[in-house]
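Visitor: My structure is below; once you've seen it, I'll send some questions.
Each value in this text was obtained by applying a stated rule to the coordinates, not by laboratory testing. Since the structure is predicted, the reported quantities are computational estimates derived from the model, not experimental observations. Cβ: placed from backbone, ideal geometry, glycine included. Neighbour counts: every protein chain shown.
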Amino acid sequence: MSSELIERLAAIVGSAGIVTDAADLAPCLRDWRGNYTGNAAALVRPANTEEVAAVVRVCAELNVPIVPQGGNTGLVGGGIPDASGTAIIVSLTRMNRIRDVDLANNAMTVEAGCILQAVQQAAAGHGRHFPLSLAAEGSCTIGGNLSTNAGGTAVLRYGNARDLVLGIEAVTPDGRIWNGLKALRKDNTGYDLKHLLMGAEGTLGIITAAVLKLYPKAQHTCTALVAVSSPATAVELLATLQAAMGDRLTGFEMMSRVCIDHVIKYFPATAEPFEKPHAWQVLVELTDTLRDAKLEDALAVALEPAFEAGTALDAVIASSESQSLALWNIREHIPEAEKLRGRSVKHDISVPISRIAEFIERGDRALAAAFPEAQVICFGHLGDGNLHYNLSFPGIVPSDTQSGSANTIVYALLDELHGSISAEHGLGQMKREEITRHKSAVELDMMRAIKKALDPQGIMNPGKVL
């Protein structure tokens with residue numbers, strides 16, 4: 001990479017805003033799972049939107065690829081450059097200001113480098129709630145969340161990341177600044193451009209700030225772990241609780257027994273939640289803005305017919321915040337326990353809720369026939385149809401052939417059941433080629449046309465999504 005580029009970038013962001021040393025660059029060149037490693041000419045850390053725009057203009061002039069990166073917690077290699085070393089990584093972690101809190105409008109304007117947990121805490125400090133919540137919230141950034149349209153545990157009630165945004169500010173691939181930071185609930189004036197950039201994984205521009213929706217802060221929360229006999233009965237229980245609790249049902253997470261066993265093994269402080277093990281369990285969370293809401297009593301009443309019908313087998317209702325946290329820790333430690341166990345073939349998929357039980361039953365049977373030595377690890381956000389359906393090979397790293405065969409089985413079944421090969425993690429480089437076998441030619445042509453129109457040089461996160 002030319003010294004001219006480095007000098008021009010350093011003149012924009014200052015010496016503190018550019019990293020070229022190999023050792024300092026290394027953490028940004030490898031993804032959290034260890035599946036992808038790349039190389040880059042530099043890591044550039046702008047301090048404001050104007051600096052981002054100036055950096056992009058230089059790269060556009062010199063035809064230098066740009067890889068936007070947030071907290072580097074992505075799971076599909078979307079924030080990792082290729083091995084050529086020609087790209088620069090643009091990190092927005094210095095842009096971490098809460099610009100404005102508008103309580104009358106229930107909105108908050110934040111910069112893209114804000115850590116998700118810091119945004120949650122800022123909202124809570126003003127008596128409000130920002131509901132996006134996921135395991136990486138202590139290190140992921142809002143910019144990354146929006147660029148991947150992150151999901152998390154509260155989608156059932158509040159929707160995905162894109163549903164929590166009123167407006168965005170972004171830098172286009174030619175270095176112009178689009179200020180779309182409107183806090184309007186209604187703006188019916190043509191194409192909604194913010195939705196092009198959200199979920200685009202940095203391939204159409206760089207999100208630099210956003211106006212986020214805030215909600216009333218919950219005054220009462222009830223958490224419970226309910227044992228069920230199968231995914232089919234879990235779906236039945238979901239319908240029962242939705243009918244009884246309405247939108248107070250905030251979370252509904254399903255976990256197989258295998259998941260519980262792994263968490264207990266790798267995190268020994270974890271307590272066995274039931275007197276005897278059960279094949280499946282769902283983590284239920286209810287919230288209410290009324291301080292005197294008797295959610296525990298309401299849940300107990302709602303569960304009565306489920307117990308009578310055999311839909312529910314056992315239940316633990318948290319009686320304190322610490323007990324609630326302990327139950328959530330089981331769910332949130334599953335990915336880390338799986339990682340400690342070894343490499344696996346992972347599937348972040350979406351299935352119509354009505355067909356989840358069929359998918360799991362048929363998928364388990366097909367994978368067991370093809371890989372009798374492997375173990376299915378199934379958990380996820382049942383309330384919105386998002387499963388993490390992974391195949392673990394104890395003691396070995398699955399080969400490309402094994403991974404490919406497992407993917408073929410899972411994805412073929414998804415196509416038959418009208419599901420999706422990516423629910424919340426995105427495509428990145430992991431599923432860039434795979435998606436061409438599942439989207440129609442019309443869809444792909446439309447996506448390519450948008451990419452060409454907005455990024456004709458192809459410098460924005462090349463090799464990702466398309």
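Visitor: Using the 10 angstrom Cβ neighbour count as an exposure proxy, how do Asp314, Asp288 rank, fewest first?
Guide: Working: Asp314 15, Asp288 20.
Result, fewest neighbours first: Asp314, Asp288.
Visitor: Just add up the charged neighbours of Thr49: K/R +1, D/E -1, any other residue whose Cβ is under 9 Å from the Cβ of Thr49. Show your work: numbers first, answer last.
Guide: Values: positive: none; negative: Glu50, Glu51, Glu111, Glu169.
With Lys, Arg at +1 and Asp, Glu at -1, the neighbours total -4.
Visitor: So how do Glu253, Glu332 line up by other beta-carbon neighbours within 10 Å, fewest first?
Guide: On the way: Glu253 25, Glu332 19.
In increasing order of surrounding Cβ atoms, one gets Glu332, Glu253.
Visitor: Assign one of three labels to segment 10-123, namely rounded, prolate or oblate, based on the Cα gyration tensor with a ≥ b ≥ c the square roots of its eigenvalues; rounded applies when a/c is under 1.5, prolate when it is not and a/b is larger than b/c, and oblate otherwise.
Guide: Working: a/c = 2.33, a/b = 1.48, b/c = 1.58.
It is oblate, given that a/c is not under 1.5 and a/b is not larger than b/c.
Visitor: Can you list the lysines whose alpha carbon sits under 25 Å from that of Lys213, skipping same-chain ones fewer than 8 residues off?
Guide: Straight-line reach from Lys213, under 25 Å: Lys182, Lys186, Lys194.
Visitor: Also: Show which aspartates and glutamates lie in cross-link reach of Lys439 when reach means a straight Cα distance below 14 angstrom and same-chain residues fewer than eight apart are skipped.
Guide: Output for Lys439: Asp415, Glu416.
Visitor: So who's got an amide H within less than 5 Å of the one on Ile18, skipping anything under 5 residues away but keeping other chains? H placed 1.01 Å off N, in plane.
Guide: Distant-sequence amide H within range of Ile18: Arg45.
Visitor: For segment 220-335, how big is the tail of P(r) above 24 Å, as a whole percent of Cα pairs? Don't jump to the answer; show the numbers that get you there.
Guide: Numbers: 1384 of 6670 pairs.
Counting every Cα pair in segment 220-335, those more than 24 Å apart make up 21 percent.
Visitor: A further question follows. Val228's amide H: which non-local residues (gap 5+, or another chain) put their own amide H closer than 5 Å, with H modeled 1.01 Å from N in plane and none for Pro or chain starts?
Guide: Amide H neighbours of Val228: Trp280, Gln281, Val282, Leu313.
Visitor: Here's a follow-up. Binning every alpha carbon pair distance of the chain at 10 Å from zero, what are the percents per bin?
Guide: The distribution over the chain is 4, 19, 29, 26, 16, 5, 1, 0, given as percents.
Visitor: Three principal axis extents, largest first, for the C-alpha atoms of segment 342-424, in Å?
Guide: That works out to 34, 21, 18 Å along the principal axes.
Visitor: Among Val211, Ala154, Gly138, whose Cα projects farthest towards the positive end of the dipole of segment 133-237, with charges put on the beta-carbon of Lys, Arg (+1) and Asp, Glu (-1)?
Guide: Highest projection toward the positive end goes to Val211.
Visitor: Sticking with this one: Evaluate the relative contact order of segment 274-421 (contact order divided by residue number), counting alpha-carbon pairs under 8 angstrom at least 6 apart; express in whole percent. Display every interim value, and only then the final one.
Guide: On the way: 134 pairs, mean separation 35.9, N = 148.
Normalised by residue count, the contact order of segment 274-421 is 24 percent.
Visitor: Right, here's the next one. Using only the Cα atoms of segment 98-216, what do you get for the radius of gyration and for Dmax, in Å?
Guide: Every Cα atom of segment 98-216 included, Rg and Dmax give 13.2, 40 Å.
Visitor: I need the phi-derived Karplus couplings for segment 152-157: 6.51 cos²θ - 1.76 cosθ + 1.60, θ = phi - 60°, integer Hz, Gly and Pro marked x.
Guide: x, 8, 10, 4, 3, 9
Visitor: List the residues whose amide H sits under 5 Å from the amide H of Ala154, counting only those 5 or more places along or on another chain, with H placed 1.01 Å from N in the peptide plane.
Guide: Residues meeting the criterion, in which the H sits 1.01 Å from N, are Ser133.
Visitor: Can you sort Ile142, Ile396 from fewest to most other Cβ atoms within 10 Å of each residue's own Cβ? Each step should come with its number before you reach the end.
Guide: Working: Ile142 31, Ile396 12.
Going from sparsest to densest Cβ surroundings: Ile396, Ile142.
Visitor: Once each part is reduced to its C-alpha centroid, what is the distance from segment 192-248 to segment 264-287 in angstrom?
Guide: 22 Å
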